[in-house]
1. Cα extents of the chain along the three principal axes, largest first, in whole Å?
2. For region 92-149 and region 1-49, what is the separation of their Cα centres, given in Å?
3. Relative to the first principal axis of the alpha-carbon coordinates of the chain, what is the inclination of helix 162-178, with its axis defined by its Cα atoms, in degrees from 0 to 90 and to the nearest 10?
4. How far, in degrees from 0 to 90, does helix 192-206 lean away from the longest principal axis of the Cα atoms of the chain, to the nearest 10?
5. Just rank 72, 98, 116, fewest to most, by other beta-carbon atoms within 10 angstrom.
6. Around residue 182, what is the net charge, scoring Lys/Arg as +1 and Asp/Glu as -1 over all other residues with Cβ under 10 Å from its Cβ?
7. Before anything else, pin down the relative contact order of region 6-206: Cα pairs under 8 Å, at least 6 apart, normalised by residue count, whole percent.
8. Using only Cα atoms and rounding to the nearest 10 degrees, what angle (0 to 90) does helix 17-30 make with the longest principal axis of the chain?
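Here, each number is a calculation from the coordinates, and none is a lab measurement. Predicted, not measured: the structure shown is a model, and the values here were computed from it. Cβ placement follows ideal geometry from the backbone for every residue including glycine, while neighbour counts extend to all protein chains displayed.
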Amino acid sequence: MTRGRFITFEGGEGSGKSTQAGRLAERLRAQGLEVLLTREPGGSAGAEAIRQLVVNGEGERWSPLTEVLLMFAARNDHLERTIRPALAAGHWVICDRFADSSRAYQGGGGGVPQSFIEQLDRTVVDDDQPDLTLIFDLPVEEGLERAFGRGLFETRFESKGLAFHERLRHTFRDIAARHPERCRLIDARGTEDDVAGRVWSTIEAALPLPEVQA
Ligand SMILES: Nc1ncnc2c1ncn2[C@@H]1O[C@H](COP(=O)(O)OP(=O)(O)O)[C@@H](O)[C@H]1O
Ligand SMILES: [Mg+2]
């Protein structure tokens with residue numbers, strides 16, 4: 001059994017990750033692939049329980065250090081129970097947010113040392129690094145406008161200030177620049193179809209699709 005591919009979607013609020021992750025999953029399924037579409041925090045029963053702790057409540061409910069520990073606890077369960085079994089079964093896994101969101105939110109945004117996040121990542125994610133990470137890049141106001149438009153501005157992360165979201169964007173762009181072998185920056189402006197076209201050409205260039213079974 002050939003191991004599946006692991007693709008993560010990253011970027012700020014309202015940049016179109018969830019929309020495009022769904023579209024990519026459908027397009028890959030249409031090619032005959034088995035695709036697992038999952039998200040973080042969450043993606044397994046235990047991780048969804050932790051999600052309720054981290055996405056709800058006051059902005060300052062958790063310190064950034066506590067938050068990053070909760071995120072990696074959730075990620076560990078998600079990897080053990082959901083992601084690794086799917087990859088081993090040959091399925092492609094598309095994950096809406098993953099470890100780069102910890103680097104951006106709790107690291108760049110929250111001030112947790114990146115060296116500590118890398119230590120957690122080496123233990124928890126270990127050799128199961130994404131094959132490809134698409135980082136959706138959009139001016140902060142445009143993303144918050146989109147997120148606000150959908151009436152979801154009330155989550156803890158969306159309610160943090162503009163300066164926080166600017167730090168996020170900066171950190172995501174920095175991650176893309178420092179890991180060109182794994183990451184591709186996706187211009188998230190324009191229509192959903194425009195962005196889907198960019199996503200698809202990036203996938204085709206970076207990950208050769210296996211022969212489609214008739
Ligand atoms: N290219 C786009 N142009 C305008 N609105 C978009 C676009 N892509 C997604 N949206 C809308 O913006 C909102 C946020 O999109 P979403 O995919 O949920 O972003 P994210 O998961 O990155 O927060 C949704 O209401 C979605 O329908
Ligand atoms: Mg989303």
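1. 53, 37, 31
2. 14
3. That works out to roughly 40 degrees.
4. 60
5. 116, 72, 98
6. Net charge around residue 182: -1.
7. Numbers: 298 pairs, mean separation 66.3, N = 201.
The normalised contact order for region 6-206 reaches 33 percent.
8. On a 0 to 90 degree scale, this one is about 10.
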